[in-house]
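To keep things clear, I will list the structure first and then write my remarks on it.
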Amino acid sequence: MKGYLKVVIFIKNKTYKWKKYPVIWLNFSELVSKEPDLLEKELQYKLLEIANKYGINELKAPSLSTKLGELINILGRLQEGYEPTPIILIDEYDSPLISCKKDQYEYVLAVLSSFFKVLKGRQKDCKFIFVTGVTKFHLSGLTSGANSANDISFHEDYAEMLGCTEEDIDNLFLSKDRIVHPILERLNRKNTQEEKYTFIQLKQALKDYYNGYCFTADKMVSVYNPDSILRFFYAKDFDNFWFNSGSPIILLQQMKQNIHRFNMDWDKCSFPIDKVRFKLVHPSFHEMPLLSLMYQTGYLTMDLDPSHVQDKNHLTYYLKFPNQEVKSSLKLILADFIVQAHQEAGKACSASVLSALRKEAWVSFLNIVRSDCLAKAGYRFLDKTEKSFQGTLYAFLNGAFHEMHDTNASAERDSAIGRLDIVMEESAQ
């Protein structure tokens, strides 16, 4: 095999043979170097690997861009029944930009722009070029000029391409008793309530938990997350499978850098965003609006509620969580980063906290807690429940005592007089 799949389809006694094209397939998530010169070398090595699959031992061109052009030329002259126009597939083109350090961003961007500039200039020599990525960035070689790439992200013709429709799930799984009955038996064995799952209830639960992704406002259709729904039928049980594929680096980085940017009312049913701002191609992920980021990373999707779709001005998109799985996943991720943020705040105040406690200066200690812990917690992150206040304070004190071997904070400790919410201790000297 030389990087192709030969498929023969029989249609009404007629045989259709797919033409054989040479393929340049690059997965940019495999490029691990953060330095631009090493990134270029990695890309050159990947091109040479592809050349080797077609019996080409070396690429003589001196630079990355000229090597790419040379490879396209060579593949266009292959014999053995190959078509003269290569197919180019690039997956996760934005990965090097997302994973690089901020001070290296412009350099990495320049390398990628140079690479895509060659592809743009060689469009006529290729059957087609298909590029995927999580986010939309401005790459001068890819998105500028009259012959810029077509963005199919919001096109109604491709609305069902990246998921399973309800019809797919019905035909492949729910119409088959040998699949459905074991699932119902398993779910009902685990269900301690009197009411048991019926087929109708199972179908609705699957929609609530794994369906709901809408990729265009022009077509009333939603799809299931293919990874999650397939894992459900394998496990025969409801679970949160989102973390297998739904924690993109860019979102985690932004949470780590500024968790308070995510201090929003995520329990709202819908989130409006200006259409122009939503579709804007961003020069840097550091400047990406939060709702656009959440959509592009899969945490929000189009809200096709008729009251929104029929907005007379047509200037606004409405976004929502696609399903319960994604919404609960976001809350879990946020909770982890919020705890980290409280711990970091506690570390910064460690000296003043320990000093106030050792001096039994309770007013000073409470002022520190109020100004450096609770006031900075974020009012949407810190709800009015006792559990929320306790968790915030515990994370803050854990940070304050983090590097002190003779002090510690513990929570929910049982004692002879009851359970203590938080205990702060210092070892005897």
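Compute the signed sum of charges (Lys and Arg +1, Asp and Glu -1) over the other residues within less than 12 Å, Cβ to Cβ, of residue 413. Cβ neighbours under 12 Å give a net charge of -3. The fewest-to-most ranking of 326, 423, 23 by surrounding Cβ atoms within 10 Å reads 423, 23, 326. Quick one: check the C-alpha center-to-center distance for segment 288-366 versus segment 226-242, whole angstrom. Taking the Cα centre of each part, segment 288-366 and segment 226-242 sit 26 Å apart.
The residues neighbouring residue 231, those whose beta-carbon lies less than 13 Å from its own, together hold a net charge of -3 under the Lys/Arg +1, Asp/Glu -1 convention.
Approximating the spin labels as points 7 Å out from Cα along Cα→Cβ, the residue 181-to-residue 348 distance works out to 6.2 nm.
Select from segment 327-403 those GluC sites (Glu not before Pro) which occupy a DSSP coil region and have at most 11 other Cβ atoms within 10 Å, ordered by residue number. Passing both the DSSP loop test and the Cβ count: 360, 403. Partner aspartates and glutamates whose Cα lies under 15 Å from the Cα of residue 17, excluding those fewer than 8 positions away in the same chain, are identified as 83.
Annotation for segment 146-245: GluC sites (Glu not before Pro) lying in DSSP loop with at most 13 further Cβ atoms inside 10 Å of their Cβ are 194, 195. By DSSP, the beta bridges lying fully in the chain are antiparallel in about 65 percent of cases.
GNM remark for the chain: springs join alpha carbons under 10 Å apart, and the peak mean-square fluctuation among 392, 135, 192 falls on 192.
Label positions at residue 374 and residue 280, each projected 7 Å from the Cα along the C-beta direction, are separated by 3.8 nm. Cβ-Cβ distance of residue 426 and residue 264, R₀ of 30 Å, FRET efficiency by 1/(1 + (r/R0)^6): the value works out to about 0.15. Could you give the length gained by full extension between residue 204 and residue 53, i.e. 0.36 nm per residue of separation minus their alpha carbon distance, to one decimal place? Result: 49.6 nm gained on full extension. Counting Cα-Cα pairs of the chain in 20 Å increments starting at 0 gives whole-percent bin shares of 19, 43, 31, 7, 0. Secondary-structure-derived ellipticity at 222 nm for the chain, considering helices only, amounts to -12500 deg cm²/dmol, per-run term -39500 (n - 2.57) for DSSP H runs with n ≥ 4.
Just so you know, all these numbers are worked out from the coordinates, no wet-lab data involved. These figures come from a predicted structure and were not determined experimentally. No Cβ is skipped: glycine too gets one built from the backbone with ideal geometry, and neighbour counts run over all protein chains shown.
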